[in-house]
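Written out below as structure tokens is the structure these notes cover.
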Amino acid sequence: MGRKQSLPLGCCGLSLLVLLLLSLGNTIALAVTPLTAVAQELVSTAALVENGILYTASYEVPGRSGHLRAFSLNGSRRTLLWDAAERVPLPGAALPPLADPGVAALVPQFNDNSGARLLFTNLDATQRFRLLTFDARAAHALQPLLGVATVAEAAALVNTVRGRLEATAEAPMGSGDRSMRLGAISGSSPALVGSSPFAVAAANRDQVLYVGAEDGLLHAILAGRREFAGAGYDSSAEGCGGELWAYLPGTLLPYLKAQPFDVPGSLPAVHVDGSPAVSEVFIDSDGDGRREWCTVLVGTASVQALNKGVVFALDVTDPRAPRLLWETVLPELGLGRSRGVALGLSGDWTNPSPQVFLTAGTAGRVNREGTPDPLHGSYGALACALALTDGRLLWRFAVQYAGAAADLAEPPSIPSLMTATDGGVNGVVFGDLAGRLWVLAPESGLPRGGGPLWQTPGGADEPIGAGVAVRNRLVLFGSGGVDYAADDRTYAVYAVEILAGSARLLWSQPLEPGEKLWGAPVLDRFGRTYFGVGTDQEDDGGRLVVVAADGTLSGSAALAGTPHGGLAVVPGAVVTVSGAGQVDQLGELRQGALSAGTADRGRVRVLSWRVR
């Protein structure tokens, strides 16, 4: 770990931070602490900073293990609080019962204090998505769902998923516990959920991190215990960093036997790869005819080999007793892999309906009308709206990729929502791999203007892979942020104004050759845009760039590496995490401030350290 110079700052700290760094030139050298372990640890998801705590997820290469760490950031000091990978409960070793206990006896016991992991899955829609414990006790019920020949094989597979080593049909209990039981976190950015401002019963609940992993599980990690005196959270309290439970979508069960549990470097068969979205909604979630405030999480997963997507919704109002609302593969949609969803209100303003807005790649090739055409079609992008209460498909939009993107079974960016003054959605915005910016009507899915509202100059050679930032009619995004984008091209960041049936470019900032934008830009309340860029080569370093509201360049500062998951702009500072796990903190976090870009007069510190 290395600490940078502390320099006097004559006016608003964060607003002039980048200008100050520019004026310093090469007088600041970022310190890099070399890795000492054989395995390389990589970061490809967004860093999260909340109340002075940095949460960062990663995965090891070679290997299938992941990490989810919490650091306390206090001025120039940073302290590792915990790594969830080290606090996953023991898997427990069990044999299947001699007789089938029946599904009714296999409901997950969320108040179980045995100390063993609590994993659960679900039955299909014909069984009303009933939850099923995922342990050896359920081997009789799980055997047909897992597609294995015997109950003993089912028990062995279940024990393997839970974290046992060398479990076989002959020895279903295995030989010991896997030391690393948190799967690789490579596609899902964590979501942090604390107390509810609406649900009375959840007004004082603890903080929980929700994140998907390559083990096919959505993990719920206790992040902070509620402090009643200060109305905050204690992230170092007993139990923090521990796994409360993990959910395995039932749709993934038939493909679980192909999961390469102990094969380093192989791709997962099943993956909870989308970033979960969480929202407070006023719905009837339990079917009693009465609407009430609930906290709902919507996530996406995939069967990698089949390019088959899955969407699910959980009621996590009580994070220690979640309920499954629904799960679907949307067979009529041809759903491929997704980066995630957005949640919003649509419909008549007098009775708005909570909806899920999803973008994904197509599962197979489609024609110009967006219908399947495996012989002559191309892969493409699709978007849809689902009813949040039951997962019903409300509308579908699909479009072919063009040019170099036609053979890529890859998803477009996560959707962002344009909102009206009443809080309702009036536009679903996303960019695709053909360099097109789309704005869809939330009620019908019809594209505003009859087609893409804007196109990058490079088209399919300049894809929009990272997220887009939306404020009122302003949309900000960058190009190039996908693995297969050429390394010798020049990409850019664009600001586009959305009009009634068209769009106009307000400004653009060209990047250095080979630099790409991998995460969505961030806007502060003064209209400044922050983004981190870099090349595919981690040794080349990266840059933090700040652009004023009128599009003029405020400045840029060197980073130790490329922030593949984007950056976090917090009161007084900007925090980035590079692909190699290098953390750059520019500025000094101010405790208790509510909005970014409002730093007090003081001192700027430039810190650089590694997450390991």
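Quick look at the values:
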| read-out | value |
| --- | --- |
| Options 84, 94, 104; residue that is surrounded by 16 or more Cβ atoms within 10 Å (Cβ to Cβ) and farther than 15 Å from residue 161 by Cβ | 84 |
| Filtered residues of the range 276-290 (kept if of a type in the set (D, E, K, R) and farther than 16 Å from residue 196 by Cα) | 284, 286, 288, 290 |
| Which numbered condition residue 483 fails, given (1) crowded, with 18+ Cβ neighbours inside 10 Å; (2) under 20 Å from the mean Cα position of the chain (by Cα) | (1) |
| Candidate set from the range 474-517 (those that are part of a loop (DSSP other than H, G, I, E, B), over 16 Å from residue 535 (Cα atoms) and touching a Gly at 6+ places or on another chain (Cβ under 6 Å)); member that is modelled with the highest pLDDT | 502 |
| Filter result (buried (at least 23 other Cβ atoms within 10 Å of the Cβ) and either of a type in the set (S, T, N, Q) or in a helix (DSSP H, G or I) (or both)) within the range 234-250 | 250 |
| Residue check, residue 423 in contact (Cβ under 8 Å) with a residue 24 or more places away in the chain and part of a strand (DSSP E or B) | no |
| Flag for residue 170 being more than 31 Å from the chain's Cα centre (by Cα) and not in a loop (DSSP other than H, G, I, E, B) | no |
| Lone unmet requirement of (1) hydrophobic (A, V, I, L, M, F, W, C); (2) assigned to a strand (DSSP E or B); (3) crowded, with 21+ Cβ neighbours inside 10 Å for residue 414 | (2) |
| Qualifying positions in the range 518-566 - closer than 23 Å to residue 504 by Cβ, hydroxyl-bearing (Ser, Thr, Tyr) and in a loop (DSSP other than H, G, I, E, B) | 552 |
| Any pair with Cβ under 6 angstrom, 6 or more apart, that starts in the range 45-59 at a residue that is within 13 Å of residue 83 (Cβ to Cβ) and free of Cβ contacts under 8 Å to residues at least 40 places away in the same chain and ends at one that is assigned to a strand (DSSP E or B) and of a type outside the set (A, V, I, L, M) | none |
| Complete set of residues in the range 567-600 that are in contact with a helix residue (DSSP H, G or I) (Cβ under 8 Å, 6 or more places away or on another chain) and either in a loop (DSSP other than H, G, I, E, B) or modelled with pLDDT of 90 or more (or both) | 574, 578, 579, 580, 599 |
| Candidate set: the range 323-367, residues that are among the acidic types (Asp, Glu) and surrounded by fewer than 18 Cβ atoms within 10 Å (Cβ to Cβ); chosen: the one farthest from residue 419 (Cα to Cα) | 332 |
| Positions within the range 394-411 being outside any loop (DSSP other than H, G, I, E, B) and buried (at least 16 other Cβ atoms within 10 Å of the Cβ), in sequence order | 394, 395, 396, 397, 398, 399, 400, 404, 405 |
| Selection within the range 299-313 - assigned to a strand (DSSP E or B) and either surrounded by fewer than 23 Cβ atoms within 10 Å (Cβ to Cβ) or free of Cβ contacts under 8 Å to residues at least 60 places away in the same chain (or both) | 302, 303, 308, 309 |
| Qualifying positions in the range 251-260 - surrounded by fewer than 19 Cβ atoms within 10 Å (Cβ to Cβ) and closer than 19 Å to residue 64 by Cα | 257, 258, 260 |
| Test: residue 137 is surrounded by 15 or more Cβ atoms within 10 Å (Cβ to Cβ), touching a residue at least 12 places away in the same chain (Cβ under 8 Å) and in contact with a strand residue (DSSP E or B) (Cβ under 7 Å, 6 or more places away or on another chain) | no |
| Residue identified as over 23 Å from residue 429 (Cα atoms) and either among the acidic types (Asp, Glu) or within 21 Å of the chain's Cα centre (by Cα) (or both) among 488, 524, 550 | 488 |
| Some residue of the range 261-284 being aromatic (Phe, Trp, Tyr) and either more than 23 Å from residue 210 (Cα to Cα) or surrounded by fewer than 18 Cβ atoms within 10 Å (Cβ to Cβ) (or both) | yes |
| Residue in the range 453-473 that is surrounded by fewer than 23 Cβ atoms within 10 Å (Cβ to Cβ), touching a residue at least 24 places away in the same chain (Cβ under 8 Å), polar (S, T, N, Q) and not in a helix (DSSP H, G or I) present | yes |
| Condition check for residue 239: over 27 Å from residue 253 (Cβ atoms) and touching a residue at least 12 places away in the same chain (Cβ under 8 Å) | yes |
| Test: residue in the range 485-495 that is in contact (Cβ under 8 Å) with a residue 60 or more places away in the chain and over 16 Å from residue 542 (Cα atoms) | no |
| Among (1) surrounded by fewer than 23 Cβ atoms within 10 Å (Cβ to Cβ); (2) out of contact with any helix residue (DSSP H, G or I) (no Cβ under 9 Å at 6 or more places or on another chain), the one test that residue 556 misses | (2) |
| From the options 253, 209, 218, residue that is touching a Gly at 6+ places or on another chain (Cβ under 7 Å) and touching a residue at least 12 places away in the same chain (Cβ under 8 Å) | 218 |
| Hey, residue 378 in contact with a strand residue (DSSP E or B) (Cβ under 6 Å, 6 or more places away or on another chain), touching a residue at least 60 places away in the same chain (Cβ under 8 Å) and among the polar types (S, T, N, Q) or not | no |
| Residues that are within 29 Å of residue 297 (Cβ to Cβ) and either of a type outside the set (A, V, I, L, M, F, W, C) or surrounded by fewer than 24 Cβ atoms within 10 Å (Cβ to Cβ) (or both), drawn from the range 371-382 | 379, 380 |
| Residue 287 vs. criteria free of Cβ contacts under 8 Å to residues at least 12 places away in the same chain and exposed (fewer than 12 other Cβ atoms within 10 Å of the Cβ) | yes |
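The values are calculated or read from the model by the stated rules, or taken from the named source; none is laboratory data. These figures come from a predicted structure and were not determined experimentally. In this analysis, Cβ positions are derived from the backbone assuming ideal geometry, glycine residues included, and neighbour counts consider all displayed protein chains.
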